[in-house]
Amino acid sequence: MGLPEAHVTPSEVIKVAWDGVAVNKVRSMLTMLGIIIGVAAVILMIAVSAGTEATIAEQINSLGANLIFVSSSFGGMGRMGGQTTGATLVYDDALAMAELNGVASIAVEMPSTQLVKAGNVALDEVSILGTTPGFPSVRDMTVTSGRFFNETELERTSKVAVLGYGLAQELFGAESVSGQSAIGQTVTLGSTKLTVIGVLAERGMVGDTDFDARLYTPISIIFKYLIPSRFARMMGDAVRLVYVETESQDVMDDVILQIELLMAKRQEVPVEELTVNITTQQDIIETQESTTAAFRSLLAWVAAVSLVVGGIGIMNIMLVSVTERTREIGIRQAVGATPSDIRRQFVAEALMLSLVGGLIGVAAGVGGSWLFGTTSGMRTVVAPESILMAFGSAAAVGIFFGSYPANKAAQLDPIEALRHE
Amino acid sequence: MARQPIIQTYGIRKVYGMGDIQVVALDGIDLQIDEGEFVAVMGPSGSGKSTLMNILGCLDRPTEGRYLLGGEDVSHLDRAQLAAIRSRRLGFVFQSYNLLPRTTALNNVMLPLLYQRDGKLSTAEREEKAKLMLASVGLAGRIHHDPQELSGGEQQRVTIARALINDPLVLLADEPTGNLDTRSGQEILALLHELHDRGRTIVIVTHEPGIAAQTERIIRLRDGRLESDGRDGSAGGARDSF
């Protein structure tokens, strides 16, 4: 045909399309709802997965890949099956693990909850973590003032304490963390007085644990003063978790096997009946990933379904619009609009609906990600490319679902259209 | 002959319906309308005058026969090409005005310029042109009014301004005074006369003998054929002159 292009400039197409949308504000708004939800879901979905990825990356960085976690299956309540009762994982087990081939270092954890007093400040239910000098290194904690306790203090059950950042502020005031004012002070746990020798740098929440609200003390203090066990002499002191750091990632499987055999021997049960959990960083990441993957695919479905439903809504309303404006189409045709001019006008209008919906959806998605991040504790990171992607899918939906009504409009017979009431 | 032929039709037939039932709306129309003529098409309903106007207006194509508009054969063009012809060569005035609602007189008059394919103008130039055109139909003071704010006569003037904005070869008016009171109707007719005096070729469809009588030439249709042509008093006059 080789017809030259019509005069209609992009700005006029946009203006006419905008007028078409603005004439029926409520209707347009309702039509856009599907797109809004879809686009918001796309952004939220990507924000959640990006947030999870960032968290995982952070954990790998902070913990190192060659770390094995050994924990008691029954929260340290009792050994099953054997003729003895007591803890499933004890301090001596941890010491034995330290001697295994390929093990670089270990750290041990045993928690308690105590009333903590310092001067005239008393805090109830403070989380106390009895641990070993290797703890700051495996959990990537640094000391902001003073120092962490050492092996000698652990062995001698020295009455020392290292405070989490937030706890130090609560006990000794906000300025205590920067200066030395907390160091050398006395804190009282129940009836045990400990001397503060260090304050840890701020760490924040990791998972659901607030690392800054805890008091760290030699694990021997826990055994001796806070939760002395009647079976300690026989069985050893119960611990909740042992971190085993291997010399390299290659020996991980070998070390895990050694730990299993060691524990089987010490507990006098077959390996299958062991009551300890042995997990690695990799296992934890996989669990987290599978949870977020489920969540993500749910959101992806919500996004896809909303976009399709939104698209059908747009198609529906555009078909109504074509019918309502049949006469207008006839007029435009009579004064020289070609079928492609008409088609372009209606595609532009559908596109306008989906893009305005997309814009609102982006705002809702960014706002929703922020809200979701602050209320659920799940980290969200809004990626700029997710906004582009969401916008792009909205545009694609507009063009795809707008084409059918637009083609219908373009194929109208001018005589019929002009006669339309 | 000094005057150029604007419209030439040769044996135009228009048949509606496929298969068994066929309705012949036009049955061999030979017609010639020259530059500067003021022609009225009359005929009872069902005579085919609307069909003829649609074909002359390039809104429809004849089933058979040839139609030359300004010497260009437009009988077999596709829809897009017909649209381009309407844009370049034709101006329409409708009985019911057919102005875009919620759109100012100025923007209504500018509408055909939007779809123009040659001699593109800037927005400012188009506005200027539309303003001049509205002024020439006596609506200089009403350019920013929407159609619903204008009287019938004023709306019809806007339609005429819109029809003339692309400087068409011929102005096609379908019952232009049909919706107007006598006085407004006379004013519109006076405007058409004025345009004719300035050399504009005009074809109007009307069923009012009083209006037809004011034109130079009356073409009567009956049952899809030319019953009489005021040019030479008989049907088929156009063919003779060719």
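Odds and ends about this structure:
- Every residue from region B:110-146 that is basic (Lys, Arg) and more than 16 Å from residue B:161 (Cα to Cα): B:117, B:120
- The number of residues in region A:354-399 being outside any helix (DSSP H, G or I) and crowded, with 23+ Cβ neighbours inside 10 Å comes to 1.
For (1) assigned by TED's automatic domain parsing to the domain that holds residue A:397; (2) open to solvent by 20 Å² or more (accessible area, probe 1.4 Å); (3) β-branched (Val, Ile, Thr); (4) in contact with a helix residue (DSSP H, G or I) (Cβ under 7 Å, 6 or more places away or on another chain), each residue gets a yes or a no:
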site	(1), (2), (3), (4)
A:262	no, yes, no, yes
A:267	no, no, no, no
A:282	no, yes, no, no
A:292	yes, no, yes, yes
A:295	yes, yes, no, yes
A:303	yes, no, no, yes
A:306	yes, no, no, yes
A:313	yes, yes, no, yes
A:323	yes, yes, yes, no
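- Qualifying residue in region A:344-359 (condition: more than 18 Å from residue A:21 (Cβ to Cβ) and either in the same structural domain as residue A:17 (by TED's automatic domain parsing) or out of contact with any helix residue (DSSP H, G or I) (no Cβ under 9 Å at 6 or more places or on another chain) (or both)): no
- Among the helices (runs of 4 or more DSSP H) confined to region A:108-221, the ones with at least 2 residues that are open to solvent by less than 10 Å² (accessible area, probe 1.4 Å) are located at A:135-138, A:165-172.
- Some residue of region A:343-353 being more than 30 Å from residue B:100 (Cβ to Cβ) and buried (at least 18 other Cβ atoms within 10 Å of the Cβ): no
- Those helices (runs of 4 or more DSSP H) lying entirely in region A:1-99 with at least 3 residues at pLDDT 75 or above and within 14 Å of another protein chain (Cβ to nearest Cβ): A:10-23
- Segments classed as helices (runs of 4 or more DSSP H), wholly inside region B:70-182, with at least 2 members that are of a type in the set (Lys, Arg): B:79-89, B:123-136, B:152-164
- Any chance residue A:326 is at negative phi and more than 14 Å from every other protein chain (Cβ to nearest Cβ): no
- Flag for residue A:328 being within 30 Å of residue A:71 (Cβ to Cβ) and open to solvent by 20 Å² or more (accessible area, probe 1.4 Å): no
- Residues in region B:59-76 that are of a type outside the set (D, E, K, R) and within 9 Å of another protein chain (Cβ to nearest Cβ): B:59 only.
- The set of residues in region B:108-141 being facing chain A (nearest Cβ under 10 Å) and not hydrophobic (A, V, I, L, M, F, W, C) consists of B:108, B:112, B:115, B:116, B:117, B:118, B:119, B:120, B:122, B:123, B:126.
The values are calculated or read from the model by the stated rules, or taken from the named source; none is laboratory data. A quick note: this is a predicted structure, and the numbers were derived from the prediction, not measured. Ideal geometry is used to build each Cβ from the backbone, glycine not excepted, and the neighbour counts take in all protein chains shown. Ligands, DNA and RNA are stripped out before the accessible areas are found, and what is left, the full protein with its side chains, is counted by its heavy atoms. Shrake-Rupley method; radii C 1.70, N 1.55, O 1.52, S 1.80 Å.
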